[in-house]
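Only one structure is covered here, and it is reproduced in the block below.
The values are calculated or read from the model by the stated rules, or taken from the named source; none is laboratory data. Remember, it's a predicted structure, so these values are computed and weren't measured experimentally. So basically every Cβ, Gly included, is an ideal-geometry build from the backbone, and we count neighbours across all protein chains shown.
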Amino acid sequence: MAEIHAVIVPKWGLSMEEGKIDHWYVEEGEQVSEGDDLVDIETTKITNTLESQHAGVFRKLVAEEGETHPCGMIIGVIADAGAADSDIEAFVESFKESYDPADVAVEGGGPEPETIEAAGKRIQYVKMGEGDGTPIIFVHGFGGDLNNWLFTQPALSEDRVTYAIDLPGHGGSIKEVGDGTLSNLSGPLRDFMKAMDIGRAHLVGHSLGGAVVLSVSKEAPDAVASVTAICSAGFGGDINMDYINGFIEGKRQRQLTQTLGALFADKSLVSKDMVDDIIKFKRLDGVDAALRTLAAGAFAGGQQAETLGDQAAALGDRLLVVWGEADEVIPSAHAQNVSGGARVEVLSDAGHMAHMEKSADVNALIVEHVSAFD
Amino acid sequence: MPKKSVRQAINEALRQEMERDPTVVIIGEDVAGGQGGSGDVDAYGGVMGVTKGLIGTFGPDRVIDTPISESAIMGAAAGAATTGLRPVAELMFVDFLGVCFDQIFNQAAKFRYMFGGKARTPVVIRSMIGAGVRAAAQHSQCLHPIFTHVPGLKVVMPTNAYDAKGLLIQAIRDDDPVVFLEHKTLYDIEDDVPDEAYTIPFGEANFTREGDDVTIVGFSRMVHIANEVADKLEDKGISVEVIDPRTTSPLDEEAILESVERTGRLVVVDEAPPRCNLAVDVAALVADKAFGSLKAPIKRITAPHTPVPFAPTLEDAYIPNAGRVEAAVHEVLESGGRAAAE
């Protein structure tokens with residue numbers, strides 16, 4: 001019998017329970033390849049594009065645009081051209097009959113975040129994947145957390161263990177950040193690697209997290225297999241202080257929605273849940289002080305305090321720099337400052353959160369980069 | 001993030017603040033349970049089990065059971081607050097606060113003002129409000145308007161577990177008397193509540209739904225009814241904004257005015273009887289400061305001007321429900337006010 005594959009509502013991140021079909025890119029009868037854009041799915045937090053995991057003919061569109069379905073539910077069918085229509089119908093029926101949301105909740109629920117005391121500092125992380133590949137550690141930027149990698153970490157966890165961490169001052173990690181300079185973040189990352197017994201890893205950092213991983217590669221070169229720096233600090237002086245200050249001071253939902261618009265080329269990606277989550281983060285004991293201290297330490301006088309251009313040169317081709325062309329927080333022009341043999345990719349239609357906005361492109365670049373330096 | 005009930009969230013807030021600050025104490029009837037009597041210690045944890053388990057950790061010096069005397073509880077709590085403790089006084093049903101009005105209105109609420117700012121009264125008064133559990137006229141009222149009326153008191157009405165924890169920690173750390181009113185039908189609702197301590201500032205409304213056609217302002221349990229209506233109408237293409245002010249004193253006037261300036265239509269829902277309640281207060285605010293934005297008369301949905309009935313059918317009819325709120329939304333949308341004239 002011909003192979004028949006279900007296209008299902010994916011589970012992006014721990015809290016996703018259902019997805020709304022926003023836009024289909026394919027029509028029934030169309031040939032699709034692995035990696036082709038299939039459908040935009042809207043979650044309460046963000047809209048993302050689901051790519052095809054199979055090659056074949058898009059035989060049946062099960063869920064129309066505007067419909068909402070739980071994670072794991074069938075929304076389309078990909079199969080060989082030779083599969084009989086009756087078989088496709090039967091496949092959809094049997095999928096729906098055997099669908100149990102409880103299975104998805106358990107199996108697709110993904111790992112829960114864990115914490116570890118690294119040199120006396122609590123670090124929260126989420127671990128995914130298994131395999132022999134050199135591990136990857138994902139490090140978010142100013143005001144972010146490990147959930148920023150929800151579209152990236154699963155895609156990179158197919159042949160290796162990966163970790164996304166909360167930096168000090170963020171998420172579920174300790175809120176103490178010393179004087180707010182970079183070493184107060186890079187030190188704990190190295191302590192985390194020691195505590196977790198990770199001898200060597202690929203480091204992927206976004207924004208301020210990019211500067212953090214560049215620092216670690218300088219402080220502990222043997223522990224770093226490669227570095228990916230996305231829309232990263234460390235390559236120039238400019239930093240959008242309106243964004244940083246707006247993030248720190250913003251308390252009202254609408255006000256923060258405006259501020260967070262600077263993160264995306266497509267402003268409509270800022271959802272109510274995204275804003276509410278950030279407000280909730282900012283209310284945690286110690287966060288306000290941590291953010292102010294970090295901003296004062298890392299962006300003293302409205303400029304990035306530390307540039308790491310020398311380190312870029314030292315890393316050579318082990319450095320991948322990715323930028324969203326429309327980045328309004330750290331200008332993509334900083335990509336031109338990267339010297340040495342680094343690979344530099346500037347993505348169009350992407351802003352500061354390039355890894356969320358163009359996750360497929362960013363994921364593919366990281367896969368290629370880490371494979372070359374395993 | 002772990003799911004917790006309102007009951008758990010309040011217990012966790014109390015526990016974390018008592019661990020953080022040794023001056024935080026709990027005082028009230030049966031907050032420990034059986035203390036000093038023949039029953040088991042910690043058998044009760046308050047009438048709704050909210051303080052259960054705390055005496056085991058903090059002992060009878062910090063979880064203090066009292067005789068049935070509201071004036072003694074409030075008088076002791078207010079006095080202790082002026083001398084350096086941060087008492088959380090539990091007064092079971094808000095209906096009973098009449099017994100200790102003087103301690104609250106004339107004493108606790110006035111100390112800071114009458115001593116020229118030299119006295120602080122960091123006391124939290126926890127109590128239950130609301131109809132819906134067949135508890136009859138003396139155990140079912142929503143008396144938040146009375147406390148909101150008094151300068152010197154802050155009044156908090158949490159609607160969900162996340163807010164309950166953050167608002168209670170804020171209340172305990174506040175240097176003024178705070179009346180913290182828990183709706184007795186909401187204790188078991190659950191949502192995501194961080195394990196860490198956090199605070200929600202007073203006077204900061206929560207937009208529980210965002211919309212452009214009509215603004216509904218609701219208080220306490222009424223927020224859930226407003227959300228239900230908003231979700232139902234969204235399917236019919238009507239975009240409803242729902243505002244939960246979270247605190248009635250201070251009141252987030254800016255959030256309400258900003259919303260009505262956008263939508264031009266206002267429905268206010270309050271479970272308190274209609275005279276001098278929060279629906280009146282918010283309606284007056286908007287009529288005074290955003291009259292030019294209104295496209296229709298303001299609608300107030302409240303309980304009737306009557307004691308809460310004990311007969312179940314009458315009690316159900318007494319409480320504002322989704323049907324009445326939905327009808328009010330349609331009424332302001334179809335009103336022949338300025339929109340029709342334009």
* Could you please tell me which pairs satisfy a Cβ distance under 8 Å, a separation of 6+ or placement on different chains, a first residue in the range A:328-340 that is within 15 Å of A:L208 (Cβ to Cβ), and a second residue that is assigned to a helix (DSSP H, G or I) and of a type in the set (G, A, S)? => A:V329/A:A262
* To do: Determine if the range B:148-170 includes at least one residue that is surrounded by fewer than 19 Cβ atoms within 10 Å (Cβ to Cβ) and within 14 Å of chain A (Cβ to nearest Cβ).
  => no
* To do: Taking A:I230 as the residue in question, decide whether it is surrounded by 19 or more Cβ atoms within 10 Å (Cβ to Cβ), within 14 Å of another protein chain (Cβ to nearest Cβ), in contact (Cβ under 8 Å) with a residue 12 or more places away in the chain and of a type in the set (A, V, I, L, M).
  => no
* Any residue in the range A:150-161 that's among the acidic types (D, E): show its pairings with residues that are in a loop (DSSP other than H, G, I, E, B) at Cβ separation under 7 Å, as long as the two are six or more apart or on different chains. => A:E158/A:G129; A:D159/A:G131
* To do: Could you please let me know if B:E261 is surrounded by fewer than 22 Cβ atoms within 10 Å (Cβ to Cβ) and acidic (D, E)?
  => yes
* Structure fact -> Of the residues in the range A:187-224, those that are of a type in the set (G, A, S) and either over 20 Å from the mean Cα position of the chain (by Cα) or part of a helix (DSSP H, G or I) (or both) come to A:G187, A:A195, A:G199, A:G209, A:G210, A:A211, A:S215, A:S217, A:A220, A:A223
* Structure fact -> Of the residues in the range A:314-338, those that are in contact with a His (Cβ under 9 Å, 6 or more places away or on another chain), surrounded by fewer than 21 Cβ atoms within 10 Å (Cβ to Cβ) and of a type in the set (A, V, I, L, M, F, W, C) number 1
* Asked: So which of B:F147, B:F96, B:F101, B:F105 ends up being touching a Leu at 6+ places or on another chain (Cβ under 6 Å), not assigned by TED's automatic domain parsing to the domain that holds B:D270 and not in a loop (DSSP other than H, G, I, E, B)?
  -> B:F147
* Asked: aliphatic (A, V, I, L, M), surrounded by fewer than 23 Cβ atoms within 10 Å (Cβ to Cβ) and either within 12 Å of chain A (Cβ to nearest Cβ) or more than 17 Å from B:E331 (Cα to Cα) (or both) - does that describe any residue in the range B:204-221?
  -> yes
* **Residues (free of Cβ contacts under 8 Å to residues at least 24 places away in the same chain and hydroxyl-bearing (S, T, Y)) located in the range A:26-56** => A:S33
* Within the range A:57-64, identify whether any single residue is touching a residue at least 60 places away in the same chain (Cβ under 8 Å) and either within 14 Å of chain B (Cβ to nearest Cβ) or buried (at least 18 other Cβ atoms within 10 Å of the Cβ) (or both), and answer yes or no. => no
* Residue list for the range B:173-203, restricted to those being within 14 Å of another protein chain (Cβ to nearest Cβ) and of a type outside the set (D, E) -> B:R173, B:V193, B:P194, B:A197, B:Y198, B:T199, B:I200, B:P201, B:F202, B:G203
* the range A:106-159: number of residues that are surrounded by 21 or more Cβ atoms within 10 Å (Cβ to Cβ), touching a helix residue (DSSP H, G or I) at 6+ places or on another chain (Cβ under 6 Å) and assigned to a loop (DSSP other than H, G, I, E, B) -> 6
* in the same structural domain as B:V31 (by TED's automatic domain parsing), touching a Pro at 6+ places or on another chain (Cβ under 6 Å) and part of a loop (DSSP other than H, G, I, E, B), is that true of B:A137? -> yes
* From the set of residues in the range A:293-308 that are surrounded by fewer than 16 Cβ atoms within 10 Å (Cβ to Cβ) and assigned to a helix (DSSP H, G or I), which is farthest from the other protein chains (Cβ to nearest Cβ)? -> A:G301
